[in-house]
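Worksheet for the structure shown next.
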Amino acid sequence: MSAGRLLAAASMNDRKCPAKNSKATRPHALAGRFGLRIMGAHFLPGPECSEMNAAQANNMAVVALIGAVLVLFVLLIMVAIFASSLGPWMRGFFSGVPVSIIQILGMRLRGVPPRLIVDALVTLVHRGHPYDRTLSRHAESLYLAQRGLIQSPEHLADLVEKRLKADGPA
């Protein structure tokens, strides 16, 4: 085989495999993955580009693995938040105080301990007060107003009863 034919064959391989192209066509290397024609050059990935495709597949696997780890991390955080809210919700549900998960998450966002509020609401319901959302709002507002003074759910329930008596029957 003559030297001219060897050079021509080498240049054909360079045209087919974008990773082997010169710097002038290297910006179009991504087009080679899809077999596109750009600026007169036709890129067709073939078996001669197998190292590049294996490297790209390896990179894609790494990116997919990192993405999957991030998604699992976010899901784990969401499950932890939900699980921490599940205890007070179940305590309220089984005690006749239907506090929703959304209310419990709202309490957490406002800086109110949901376990204390739900226990105080359970105490009030067991003392004979019918549960409604105003009862929950009173308990939360009293806790926020007297945060340092409240020692137990029973103490908070006593304060809510005093406020309900002061407000009078509606």
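Derivation of every value follows stated rules applied to the coordinates shown; laboratory data play no part. From a predicted model like this one, the values you see are computed outputs, not experimental measurements. Note that each Cβ is placed from the backbone with ideal geometry, even for glycine, and that neighbours are counted across all protein chains shown.
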Pairwise centroid distance, computed over Cα atoms, of the range 109-170 with the range 56-98, Å:
31
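Compactness ratio of the range 69-167: Cα Rg over 2.2 N^0.38 Å, N = residue count? Mind dumping the intermediate values first?
On the way: Rg = 14.7 Å, N = 99, 2.2 N^0.38 = 12.6 Å.
Here the Cα radius of gyration is 1.16 times the empirical estimate.
What is the calculated FRET efficiency for residue 68 to residue 93, with r their C-beta to C-beta distance and R₀ = 30 Å, to the nearest 0.05?
0.30
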Taking a crude spin-label model, label points 7 Å out from Cα along the C-beta direction, the residue 165 to residue 53 distance in nm is 8.3
Can you compute the modelled spin-label distance between residue 154 and residue 83, with each label point 7 Å from Cα toward Cβ, in nm?
3.3
